[in-house]
Amino acid sequence: MENKKITIDEIDQLMSNAVTEAFKELQVTTSARLIKCWIDYLDSHIDAAKQYKHQLIKANIEKDADGLLYLQCILSAMRSLFEVILFLKKEENQKSWHSLIDSQDYLQVCTAFVKKYPHLKETVGNSIDLIFETSVKYEDILFPKQAVFNSPGMIETIGECSVCGKGFYECGHIEGEIYTGKYCLRVNREIIDYNHSAIVTNPRDKRCIITTRHDKDGYKIDVFSRERIEGQDGPAPDEYTSILFNASFIDVN
């Protein structure tokens, strides 16, 4: 049987339709079973987008490879929002919060695509805005307000460029920009020394939160569930538990 060829326009339409269909079903009341089905549905499209993207990178077709990276990330942003709901239903609240921030990080890559191709803003900007507005609503309504965050103070190596693999200052690539389907990041960084953590209102990574508060008796409670933390010997009104550093990043490969 002869393999049917598919054009870049057909791929774009297929992926864009998947985003539109999934967005219609992104409801907090949707059952956990159907949420999982939509995550599987989006996973299949994300995997396909990656495969097409790598073919285009190999062929050095810059604009189309960049477009597939955008589609991969807009689909991944949607997937992360479905995970927000699924983890909340499972009372895995911290994972839900991390998925919310994952969604916003994926949208940053999409925004970098629009920055590189501003004439496409009218074509793709509406999808980015809708998903971002939804993530902000989820942040405001589904989670306790995070007034402050942790910002780690550390000394680390400069790392390598995710685009070319060279030491980061040995190449001309700019962090946060897109190059033929690849999003530029500093990777393979090593922490040399960790010496402090600051409390900030505008962090680099919103996953680094203070994870406990206190009840009226001074016992630590989980910031999300409001349940008392197990194993406490007594009130500890001056003690907090925090995420000081997050080493993971979204999948843009």
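The values are calculated or read from the model by the stated rules, or taken from the named source; none is laboratory data. Bear in mind that the values here come from a model prediction, so they are computed numbers and not experimental data. Positions of Cβ are backbone-derived with ideal geometry, glycine not excepted, and every protein chain shown enters the neighbour counts. Areas reflect the complete protein model, heavy atoms only, side chains present, ligands, DNA and RNA absent. Shrake-Rupley method; radii C 1.70, N 1.55, O 1.52, S 1.80 Å.
Below, the figures for the structure above:
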| item | result |
| --- | --- |
| Subset of the range 125-150 (residues that are in contact with a Cys (Cβ under 7 Å, 6 or more places away or on another chain) and not aromatic (Phe, Trp, Tyr)) | Ile128, Asn150 |
| Any hit, the range 151-171, residues being of a type outside the set (A, V, I, L, M, F, W, C) and within 23 Å of Leu26 (Cβ to Cβ) | no |
| Leading residue by the ranking (farthest from Leu71 (Cα to Cα)) among those in the range 8-27 that are open to solvent by 70 Å² or more (accessible area, probe 1.4 Å) and not in a helix (DSSP H, G or I) | Gln27 |
| Check on Asn246, of a type in the set (S, T, N, Q) and either more than 17 Å from the chain's Cα centre (by Cα) or at pLDDT 90 or above (or both) | no |
| In the range 1-34, the residues that are β-branched (Val, Ile, Thr) and within 12 Å of Met78 (Cβ to Cβ) | Val19, Thr20 |
| The range 28-58 - residue that is free of Cβ contacts under 8 Å to residues at least 12 places away in the same chain and assigned to a loop (DSSP other than H, G, I, E, B) and, of those, surrounded by the fewest Cβ atoms within 10 Å (Cβ to Cβ) | Thr29 |
| First in the range 150-168 and at negative phi, second anywhere and of a type in the set (Phe, Trp, Tyr) and modelled with pLDDT under 95, Cβ under 7 Å, 6 or more apart | Pro152/Tyr194; Pro152/Phe245; Met154/Tyr194; Ile158/Phe168; Ile158/Tyr169; Glu160/Phe168; Cys161/Phe168 |
| Single residue of Lys206, Lys182, Lys166 found to be surrounded by fewer than 15 Cβ atoms within 10 Å (Cβ to Cβ) and either in contact with a Phe, Trp or Tyr (Cβ under 6 Å, 6 or more places away or on another chain) or not hydrophobic (A, V, I, L, M, F, W, C) (or both) | Lys166 |
| Ser103 vs. criteria open to solvent by less than 60 Å² (accessible area, probe 1.4 Å), in contact (Cβ under 8 Å) with a residue 60 or more places away in the chain and small (Gly, Ala, Ser) | no |
| Matching option when the condition is at pLDDT 95 or above and either closer than 30 Å to Val114 by Cβ or in contact with a Cys (Cβ under 9 Å, 6 or more places away or on another chain) (or both), among His214, His173 | His173 |
| Filter result (part of a loop (DSSP other than H, G, I, E, B), among the charged types (D, E, K, R) and within 25 Å of His98 (Cα to Cα)) within the range 155-213 | Glu175, Glu177, Arg189, Glu190, Arg204, Asp205, Lys206, Arg207 |
| Residue within the range 133-154 that is under 16 Å from Val252 (Cβ atoms), touching a helix residue (DSSP H, G or I) at 6+ places or on another chain (Cβ under 6 Å) and either assigned to a helix (DSSP H, G or I) or open to solvent by less than 40 Å² (accessible area, probe 1.4 Å) (or both) present | no |
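Yes/no matrix, rows are residues, columns are (1) touching a Cys at 6+ places or on another chain (Cβ under 8 Å); (2) more than 24 Å from Ser162 (Cβ to Cβ); (3) among the small types (Gly, Ala, Ser):
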{"residue": "Asp12", "(1), (2), (3)": "no, yes, no"}
{"residue": "Val19", "(1), (2), (3)": "no, yes, no"}
{"residue": "Ala22", "(1), (2), (3)": "no, yes, yes"}
{"residue": "Lys63", "(1), (2), (3)": "no, no, no"}
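Okay, residues lined up against (1) over 20 Å from the mean Cα position of the chain (by Cα); (2) under 30 Å from Leu244 (Cα atoms); (3) at pLDDT below 95:
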{"residue": "Glu2", "(1), (2), (3)": "yes, no, yes"}
{"residue": "Ala32", "(1), (2), (3)": "yes, no, no"}
{"residue": "Asp43", "(1), (2), (3)": "no, no, no"}
{"residue": "Tyr70", "(1), (2), (3)": "no, no, no"}
{"residue": "Met78", "(1), (2), (3)": "no, yes, no"}
{"residue": "Gln94", "(1), (2), (3)": "no, yes, no"}
